[in-house]
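Q: Next up is a structure, given as structure tokens.
The values are calculated or read from the model by the stated rules, or taken from the named source; none is laboratory data. Since we're looking at a predicted model, the values are computed, not measured. Don't worry about glycine lacking a Cβ; one is built from the backbone with ideal geometry, like all the others, and counts go over all protein chains shown.
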Amino acid sequence: MQRNRRKYRYFLTRLETQKPKGLAAMVKKADKEVWAETDCLACANCCKTMTPTFTTADIKRISAHLKMTPDDFRDKWLYKERSTGDWMNRKQPCQFLDKKTNKCSIYAVRPADCAGFPHHTKKDFTEWVHVYKQNVEYCPATYRLVEKMYNQLSA
Ligand code: SF4
Ligand code: SF4
């Protein structure tokens, strides 16, 4: 598995410089297959090991849902990342993860970053390669996506 991850990271780097024809359609098809095979409730690895980025709109929406002020919400759970200025979770697993069920306790108002994760069908796949390179390590869905693309393009 670890060797494959390394292989897939090299493959992703190659995709950045040698973009194959029909890449967007290939990603779309592979992504659909991946979600038919992946059960996020049996995993929740993203909620356990990573932090989403909380936008101002996320903070406003979630704090209102929790009947808190945005400032109190930030003080209680978030920190500001120095290099980017992004608001992130202080702790992992995420405080909103129900560890028994692997469900998000604020699912309806969760951060946009969580709702879009693992961002497979972003408009230009190659611009997000740095994210997928990290996520082949932690996200089984991204691992499967890259595996499918590798098998198809190496056949
Ligand atoms: S890490 Fe990937 S497969 Fe696991 S719960 Fe998150 S999105 Fe789903
Ligand atoms: S807010 Fe919800 S979906 Fe996002 S990391 Fe926390 S538990 Fe997971």
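Q: Would a scan of the range 140-153 turn up a residue that is in contact (Cβ under 8 Å) with a residue 12 or more places away in the chain, among the aromatic types (F, W, Y) and farther than 28 Å from L23 by Cβ?
A: no
Q: Among the residues of the range 113-146, which ones are surrounded by fewer than 18 Cβ atoms within 10 Å (Cβ to Cβ), over 10 Å from the mean Cα position of the chain (by Cα) and either within 14 Å of ligand 1 (Cβ to nearest atom) or assigned by TED's automatic domain parsing to the domain that holds A57 (or both)?
A: If the condition is that a residue be surrounded by fewer than 18 Cβ atoms within 10 Å (Cβ to Cβ), over 10 Å from the mean Cα position of the chain (by Cα) and either within 14 Å of ligand 1 (Cβ to nearest atom) or assigned by TED's automatic domain parsing to the domain that holds A57 (or both), then T121, E137 are the ones that fit.
Q: Please go through (1) under 29 Å from A24 (Cα atoms); (2) surrounded by fewer than 18 Cβ atoms within 10 Å (Cβ to Cβ); (3) within 15 Å of ligand 2 (Cβ to nearest atom) for K103 and return the number of the only condition it doesn't satisfy.
A: (1)
Q: Under 7 Å by Cβ, and 6 or more places apart or on different chains, what pairs join a residue from the range 105-122 that is within 13 Å of L145 (Cβ to Cβ) and among the hydroxyl-bearing types (S, T, Y) with one that is within 12 Å of ligand 1 (Cβ to nearest atom) and outside any loop (DSSP other than H, G, I, E, B)?
A: These pairs meet every condition: T121/D31.
Q: Right, next: Tally time: how many residues in the range 40-79 are in a loop (DSSP other than H, G, I, E, B), aliphatic (A, V, I, L, M) and over 20 Å from the mean Cα position of the chain (by Cα)?
A: Here the count works out to 2.
Q: Conditions: (1) without any contact (Cβ under 8 Å) to a residue 60 or more places away in the chain; (2) buried (at least 18 other Cβ atoms within 10 Å of the Cβ); (3) within 14 Å of the chain's Cα centre (by Cα); (4) under 26 Å from R5 (Cβ atoms). L97 meets all but one. Number of the miss?
A: So the condition that L97 fails would be (3).
Q: Just give me the residues in the range 12-50 being more than 16 Å from ligand 1 (Cβ to nearest atom) and β-branched (V, I, T), in sequence order.
A: T13, T17 - these are the residues of the range 12-50 that are more than 16 Å from ligand 1 (Cβ to nearest atom) and β-branched (V, I, T).
Q: Evaluate the range 79-100: report whether one residue or more is among the basic types (K, R) and under 30 Å from F11 (Cα atoms).
A: no
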